[in-house]
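Inspection log for the structure reproduced underneath, given as structure tokens.
Where a number appears in this text, it was derived from the coordinates with a stated rule and is not lab data. Keep in mind the model is a prediction, meaning the values are calculated, not measured. We place every Cβ from the backbone using ideal geometry, glycine too, and count neighbours over all the protein chains shown.
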Amino acid sequence: MDTSIQIHHRPPSSDDYVRLRKIAGMSERTKEAAEIGLKNSLFAVTVTIDEKTVGIGRIVGDGGCNFEIVDVVVDPECQGKGIGTLIMEELLAYLEEHTPKSAFVSMIADPPGQKMYQKLGFKNAAPSIGMYKRY
């Protein structure tokens, strides 16, 4: 792994958040929504290479019963270097330490990341399905 990779336990800037989601082909978020959401994260990981943000991941939820892993994204130019796995390992370490017994951890996995998430112990939720409503 690149020795210039740095792991930070903090949310990214709203500009980096919006930029990474866009270049990775994820649904776009406004800067206003990002600023509100990022400050309400339970835990966040930001990965930098030479001070440039190249990967992020967050945990949101109520801190007791429900946790959701969201916004795991790596700059397409930096994919294939283990950064996504590194982000997930940091998020899972937080959950191991802070998640009460019986809590539910969920995520919606886009196809490119499904194999990685399964290797980390996540299972398909069938017969349940993910649902959403966009505002």
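See the values below:
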| read-out | value |
| --- | --- |
| Most mobile listed residue (E28, E51, E68) in the chain, GNM with C-alpha springs under 10 Å | E51 |
| Among A24, A125, A34: highest mean-square fluctuation, GNM of the chain, C-alpha pairs under 10 Å | A125 |
| GNM flexibility winner over the chain from I23, I69, I56 (Cα, springs under 10 Å) | I23 |
| Rounded to 5, the percent of DSSP beta bridges in region 5-119 classed as antiparallel | 85 percent |
| Cβ-placed point charges (K, R +1; D, E -1), dipole of region 5-119 about Cα centre in debye, nearest 20 | 160 debye |
| Order of Y94, Y17 - criterion: other Cβ atoms within 10 Å of each residue's Cβ, fewest first | Y94, Y17 |
| Under 20 Å from K31, Cα to Cα: lysines that are on another chain or at least 8 residues apart | K22, K39, K52, K133 |
| The chain: translational diffusion in µm²/s, Stokes-Einstein, Kirkwood Rh over Cα pairs, 37 °C, 0.692 mPa s | 213 µm²/s |
| Neighbour net charge for E96 - beta-carbon separation under 13 angstrom, K R +1, D E -1 | -2 |
| Eligible lysines near K119 by straight Cα distance, threshold 23 Å, same-chain separation 8 or greater | K81, K101 |
| Per-peptide average of other Cβ atoms within 10 Å, ordering 111-118, 57-64 highest first | 57-64, 111-118 |
